[in-house]
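Since the structure comes first, as structure tokens, the remarks are kept for the end.
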Amino acid sequence: MDLSWKTAGACRWVEPELFFPASDADAGPAKAVCTGCHVQERCLEYALANREYEGVWGGTTGPERRSILRRRRSTALTA
Ligand code: SF4
């Protein structure tokens with residue numbers, strides 16, 4: 001699996017703890033970093049593919065990623 005995109009992440013200079021907030025309500029600062037990240041889409045797809053439900057990836061929280069996966073499954077079933 002190619003993970004080279006990680007070296008281009010806007011979070012590479014940020015304390016990793018920021019991306020594991022105490023609650024989703026505290027995820028704003030991490031999401032703000034993701035907003036300016038050039039590999040946001042790849043990061044999000046990686047997290048979705050690997051069922052990463054902890055922390056902020058690709059500008060989303062774990063519950064948001066679960067929601068994306070549910071929507072995709074639902075769309076696939078009705079297509
Ligand atoms: S999208 Fe966010 S978590 Fe992913 S590499 Fe970029 S800054 Fe880091």
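Every number in this text was worked out from the coordinates using simple rules, so none of it is lab data. Note that the structure is a prediction, hence the values are computed from the model and not measured. Heads up, the Cβs are rebuilt from the backbone with ideal geometry, glycines too, and the neighbour counts pull from every protein chain shown.
With a 10 Å Cβ neighbour count serving as the proxy for reagent exposure, in which order, fewest first, do LYS6, LYS31 appear? Please report the intermediate quantities before stating the final value.
On the way: LYS6 13, LYS31 16.
Fewest-to-most Cβ neighbours within 10 Å comes out as LYS6, LYS31.
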Next on the checklist: Which residue fluctuates most in the GNM of the chain (Cα springs below 10 Å): ARG12, ARG51, ARG65?
Outcome noted: ARG12
Item to check | Spin-label model distance (nm) - ARG73 vs SER4, 7 Å beyond Cα toward Cβ | outcome: 3.4
Checklist entry - After finding the eigenvalues of the alpha carbon gyration tensor for the stretch 14-74, what semi-axes result from the square roots of 5 times each, listed largest first in whole Å? => result 19, 13, 9
